[in-house]
Amino acid sequence: MVNNLLILMYLMLVSGYTSQTNYVDPTGTYDLSSRVRKKGGEIYGYFGTIQIKKLTKSRIILNFYVCKGAPSYNSGSFIDTLTYNNNKAIYTDPELDQSCKITFEVLKNGIKVTEETDDYNSGCGFGHAVIADGFYKIVSKKVPVLINPAY
């Protein structure tokens with residue numbers, strides 16, 4: 001009985017440590033990793049940038065820009081102060097789109113962005129059919145100069 005209790009306590013202790021997320025400092029500039037091609041001075045395919053400045057361990061300023069490319073160059077952007085917890089920040093804007101939720105999962109080599117909305121043709125207040133999804137690779141860990149929008 002005592003051995004079972006000790007084993008149970010050990011498992012609880014180990015599981016508590018493994019469930020904790022290692023903190024990743026999100027400060028830096030990130031570019032969308034996607035295939036683009038240039039033709040006749042036009043850029044075809046998605047491109048974008050994320051800039052993050054850490055305010056505290058749990059608050060960040062996030063500047064986001066994504067563009068669909070030629071021929072429409074429809075785009076979406078925002079700058080906002082967000083809660084940063086377990087290496088994630090979530091953006092919502094109930095005034096523009098109550099169903100919009102964009103999750104920024106910060107990894108050591110970049111940010112995985114996932115957009116959820118009821119209508120991907122006009123979701124999150126972005127231009128027609130612009131979707132934020134993608135992997136944004138780290139290009140600099142320096143504190144960025146925040147510019148809106150982040151061209």
Among the numbered conditions (1) assigned to a strand (DSSP E or B); (2) touching a residue at least 40 places away in the same chain (Cβ under 8 Å); (3) in contact with a Lys or Arg (Cβ under 8 Å, 6 or more places away or on another chain); (4) aliphatic (A, V, I, L, M), tell me where Ile79 comes up short.
(3)
Counting only residues that are without any contact (Cβ under 8 Å) to a residue 24 or more places away in the chain and not in a strand (DSSP E or B), the range 107-128 contains a total of 5
Across (1) assigned to a strand (DSSP E or B); (2) more than 19 Å from Tyr136 (Cβ to Cβ); (3) in contact (Cβ under 8 Å) with a residue 40 or more places away in the chain; (4) not acidic (Asp, Glu), Ser72 clears everything bar (1)
Given (1) touching a strand residue (DSSP E or B) at 6+ places or on another chain (Cβ under 7 Å); (2) more than 25 Å from Val24 (Cα to Cα); (3) in a strand (DSSP E or B), index of the condition Thr103 fails:
(2)
For a quick check of your reading of the model, give me the residue pairs whose first member lies in the range 135-151 and is closer than 14 Å to Asp31 by Cα, whose second is in a loop (DSSP other than H, G, I, E, B) and at pLDDT below 70, with beta-carbon atoms closer than 9 Å and at least 6 apart or on different chains.
Pro144/Ala150
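The values are calculated or read from the model by the stated rules, or taken from the named source; none is laboratory data. This one's a predicted model, so the numbers in the text were calculated from it and none came from an experiment. Here the Cβ is made from the backbone with ideal geometry for all residues, glycine too, and neighbour counts use every protein chain on show.
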